[in-house]
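Structure first, then comments.
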Amino acid sequence: VQLQASGGGLVQAGDSLRLTCVASGRTFSRYAIGWFRQDPGKEREFVAAISWSGHDTYYSASSLGRFTVSRDNAKNTVHLQMNTLKPEDTSVYYCAASAPPYSSIRDYKEYDDWGQGTLVTVSS
């Protein structure tokens, strides 16, 4: 599956952004979708993920309570709503797809296909 992430930008601390991941391919609904972020020289960090059905969602400790992941399989789309953004949320955000069976949904190595990334910058 091919993925394209968008929606990044420059915002102030406390603002909100909604990232969108659009997928191509008729089997999109089979994939779990994860959001990760990465800073230069660092490993990709798990942010959030959603199961193929949308019934199960997963968050990191830093995103829990502020971010919400959702999906619309009819539109091949996954959203990451990010509220109360902090300067430490500044990063390049990637969406990724993991084909079943998926076991370690928080591990970036579990994911097969990646979008190109979208930059989120939060100023203080």
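The values are calculated or read from the model by the stated rules, or taken from the named source; none is laboratory data. Source: prediction; values computed, not measured. Note that each Cβ is placed from the backbone with ideal geometry, even for glycine, and that neighbours are counted across all protein chains shown. Please note that ligands, DNA and RNA were not included when accessible areas were found on the heavy atoms of the full protein model with its side chains. Shrake-Rupley method; radii C 1.70, N 1.55, O 1.52, S 1.80 Å.
Worth a mention:
- Filtered by the rule that a residue be within 17 Å of Asp15 (Cα to Cα) and assigned to a loop (DSSP other than H, G, I, E, B), the range 93-124 gives a lone residue, Ser124.
- Checking each residue of the range 75-88 against the condition of being at negative phi, surrounded by 20 or more Cβ atoms within 10 Å (Cβ to Cβ), modelled with pLDDT under 95 and more than 11 Å from the chain's Cα centre (by Cα) gives no match.
- Residue that is modelled with the lowest pLDDT [pool: residues in the range 89-124 that are within 15 Å of Gln4 (Cα to Cα) and open to solvent by 50 Å² or more (accessible area, probe 1.4 Å)]: Asp112
Listed here are the residues, each with its yes/no results for (1) touching a residue at least 60 places away in the same chain (Cβ under 8 Å); (2) surrounded by fewer than 17 Cβ atoms within 10 Å (Cβ to Cβ).
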{"site": "Ser16", "(1), (2)": "yes, yes"}
{"site": "Ser29", "(1), (2)": "no, yes"}
{"site": "Phe46", "(1), (2)": "yes, no"}
{"site": "Gly54", "(1), (2)": "no, yes"}
{"site": "Tyr59", "(1), (2)": "no, no"}
{"site": "Leu64", "(1), (2)": "no, yes"}
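- Output for the range 1-31, where each listed residue is part of a strand (DSSP E or B) and among the aliphatic types (A, V, I, L, M): Leu3, Ala5, Leu10, Val11, Leu17, Leu19, Val22, Ala23
- Every pair of residues 6+ apart whose Cβ atoms lie under 6 Å, when the first sits in the range 104-124 and is within 16 Å of Phe28 (Cα to Cα) while the second is of a type in the set (Phe, Trp, Tyr): Trp114/Tyr94; Gly115/Tyr94
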